[in-house]
Amino acid sequence: MVLFKRPADDKGPVWVSALIGVFVALGGLLFGYDTGTISGVIAMKYWKEHFSTGYTDIDGNRGISANQAAVIVSLLSVGTCIGSLSSPLLGDRLGRRWGIIVSAWVFNFGVILQVASVTIPLLVAGRFFAGLGVGLLSALVPLYQSETAPKWLRGLIVGAYQLAITIGILLAAVVNNATHARNDTGSYRIPIGLQLAFSAILIIGMHFLPETPRYLIKRGDMNGAARSLARIRRQQPNSTAIMTELDEIRANYQYEMSLGSASISDCFREGMRGRMFTGMMLQMLQQFTGVNFIFYYGTQYFKNSGVHNEFLISMIPAAVNVISTIPAVFMFDKYGRRPLLLWGAVGMCICQFIVATLGTTTTGQTASGTITVLNLSAQKASIGFVCLFICCFAATWGPLAWVVTSELYPLKHRSQMLSISTATNWLFNWAIAFSTPYLVNYGPGNANLQSKIFYIWAVACLFCIVFVYFYIYETKGLSLEEIDEMYQDPDLKAKDSSKWTPKARFRDIPLTEVTYNKAATGSPPVSDSSPSAENAETVEAGDGRHGTPPVTGFPPSVDNSPKGRPSAVSLPEEGNTYPLASRSRSPPHSAPSSPIAVSPISAPSSRANA
C-alpha cells in the first residue's frame, strides 16, 4: 500500500522537512506532559497533605476541595487561552521561529514557579505562566509546521504535534507512577521540573532552524524566503522548483493584500467568516469529546470505579493514546481528513454511550457519597471502552483538529485566525477542566454525575458527526494557496470537496492595479539586498486616505518574474470575485527580467492522489 504519492513537480529530498516538523512538535510535548502531570500530582498523598488548607474528605483525610482542584487544573487553560490569542504579536513581529523560542522561555518561568511552590497560590501562578507559554506554542508550532511542510506530507508533519502531546501524557504518567509514593517534595517537584529539560531542547534546536519562507514573503524578503525554502527542501535557491513555489506563494499573498488590509475584525467578515467558524467549532468539539476528562481526572475516576493502583491503570490510556497516534499520522495524507474525522466521531460516540451505561448500571453510592462497585468485571470492561475511545480520538480528532485548522486560513490572516481557533480550544478546555469537579463529585453544590458525565460527551460526539458532514472540506494533497482558492468557490459543498481541483495559478494572473504604501501597514522597508521583494501590502486603490495617490503596475525598480511571463496577481474586477478560472484576464504585464530566471509552468496542478 502506497501511503504517499509525491507530485511530479516536487523535487529534492523530504527528510529535512519531516525532521524539522517533527522536532518543532516538541512544543506539543510540553503541553501533553503538563496535562498528564497535574492529573497525578493532585492525587498524590504527600502533595494533598502538604498543600491542604484544612479541607478533609469523607474519610477524614487531608486534601483539597473541589473548588481548589478546579482552580489548580484549569488555570493552565486560562493562561493558554490568553497565550494563543497573543501569538500573532510574536508570530508576526518576531517571526515564527523566534516566537517559539520566546514562548518556551515564558513556559520555563511558569515551571520554575511551580517547582518552588509550597502553597497553592504560587502553584496556581506558575500554572498560569506555564499555560501562557503553552498557549503561544500551541498556535505557533502548527503554524510553523504548516508553512514549512510539503503539501503531500503536511498531514503527517502537523499530525506529529498531536503525537508529541500523546508522548508527553505518557511520559507524565510514567514519571508520576515512579514518584507518587515518595514522602517528600520530590514526589511532585521531580515530575514538574522535568519539563525544563524538554523546553531547553526546543529552545536550543530552534536557534538552528530557518524562518518559514511564507513569513519572510509576508515581510517582503524574497531573497531570504528563497534561501529558507531551499534549505528546507535541500535545493539551490535559484532552482526552478524553489522559485516556482515561492512565486505562487508571493502572488497569492499579493492577491490577498490587494483585497484590503488584515485585522482581527476582518477574520469575521464575509468571505472569512465561514472558515473562522469551521476552525473554532472544530477546536471546541475536540474538547467536548471528553478526552481531557480522562487525562485531567482519570486517576481519580479509576479510583472511584474500584480499581486498585489507579496510577498504574492511568498509564494504560496514555499508552493507547501514543500507540494509536503513531500509525494514524501516516494515514492523513492517504485517506484524507474528512472521512477520518467522520468515522472517528462515530467510534467515539459509541464508546462514550457504552462507558456511561456501564458506569451508571454497575456502580452504586452510599449515603455518605462513597462509590460502591456492583460488578467489577463491568468496570474493567468500562476501562476497556475508555481505551477504545482514546484509540478513536488519537487516530482522528486529536491530531486532525490541529492539521485542519493549520490549513484553513490564507497567509494574510493565518496567524490571527489560527490564534483565535486555538484560543477557542483552550477556552473550552478551561471550561471543562473547571466545571468537571462540580459535575462529577459528591457533596453540596456538586451535581454528583459520576459516570453519567459520559452521556454528555456521547451527545457531543454525535454532534461532531453532523458537523463534519456539512462543514469539513477535504484538503489532502493541496497546497495552502490551493486550499485558499477552494474555500472561495461559492458553489462547492463540503461533501463534494474531495473531487475539487485547482482552477488557476495566482502567478499567471497579471497585476494591473495595486497601491504601494509601506507606511500604511507597518511592513519593513524593502532593503537593497532584497531587490525582488515586492511586498504589495495595501490596496485601498484610489481612496486617498493616506495622502498617496495609487500607483498602477509594478514599482519601477521591482520585479522578480521571468521575462515574458505574466507576473503577480490582479485586483478582482468590479462585481466579480471567485472562482479565478472564470475571471477574464488582462494582457500580460511586461516587466524587467528578474535576477533569477525561472522556467514558466502554466499548467494547473491537480491533487496528489495519495
Heavy atoms of Ile58: accessible area, 1.4 Å probe, square angstrom to 10: 110 Å²
With a/c under 1.5 counting as rounded, go ahead and sort the stretch 89-206 into rounded, prolate or oblate using the C-alpha gyration tensor (a ≥ b ≥ c being the square roots of the eigenvalues; past the cut-off, prolate if a/b is larger than b/c, else oblate). oblate
Can you sort Asp59, Asp184 by solvent-accessible area, 1.4 Å probe, largest first? Asp59, Asp184
Using 0.36 nm per residue, how much length does the chain from Thr501 to Leu122 gain when fully extended, once their Cα-Cα distance is taken away? 131.0 nm
From the Cα centre of the stretch 367-420 to that of the stretch 194-256, the distance in Å is 32 Å
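Stretch Asn238-Trp98 to full length: gain in nm at 0.36 nm per residue minus the Cα-Cα span?
47.8 nm
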What's the extension gain from Thr185 to Ser263 if we count 0.36 nm per residue and subtract their Cα-Cα distance? 23.3 nm
Once the Cα gyration tensor of the stretch 309-443 is diagonalised, what are the square roots of 5 times its eigenvalues, in whole Å and ordered largest first, as equivalent ellipsoid semi-axes? 34, 20, 12
The simple spin-label model distance between Ser52 and Glu270, using points 7 Å out along Cα→Cβ, in nm, is 6.3 nm
Ratio of the Cα radius of gyration of the stretch 34-124 to 2.2 N^0.38 Å, where N counts its residues: 1.34
Round to the nearest 10 and report in Å² the accessible area of Val115, as given by a 1.4 Å probe over the protein chains' heavy atoms. 40 Å²
Taking R0 as 35 Å and r as the Cβ-Cβ distance between Lys493 and Ala381, the FRET efficiency 1/(1 + (r/R0)^6), rounded to the nearest 0.05, comes to 0.30
Express in Å², to the nearest 10, the accessible area of Val459 obtained by rolling a 1.4 Å probe over the protein heavy atoms while all chains stay in place. 90 Å²
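The values are calculated or read from the model by the stated rules, or taken from the named source; none is laboratory data. Since the structure is predicted, the reported quantities are computational estimates derived from the model, not experimental observations. Ideal geometry is used to build each Cβ from the backbone, glycine not excepted, and the neighbour counts take in all protein chains shown. With ligands, DNA and RNA removed, areas are computed over all heavy atoms of the protein, side chains included. Shrake-Rupley method; radii C 1.70, N 1.55, O 1.52, S 1.80 Å.
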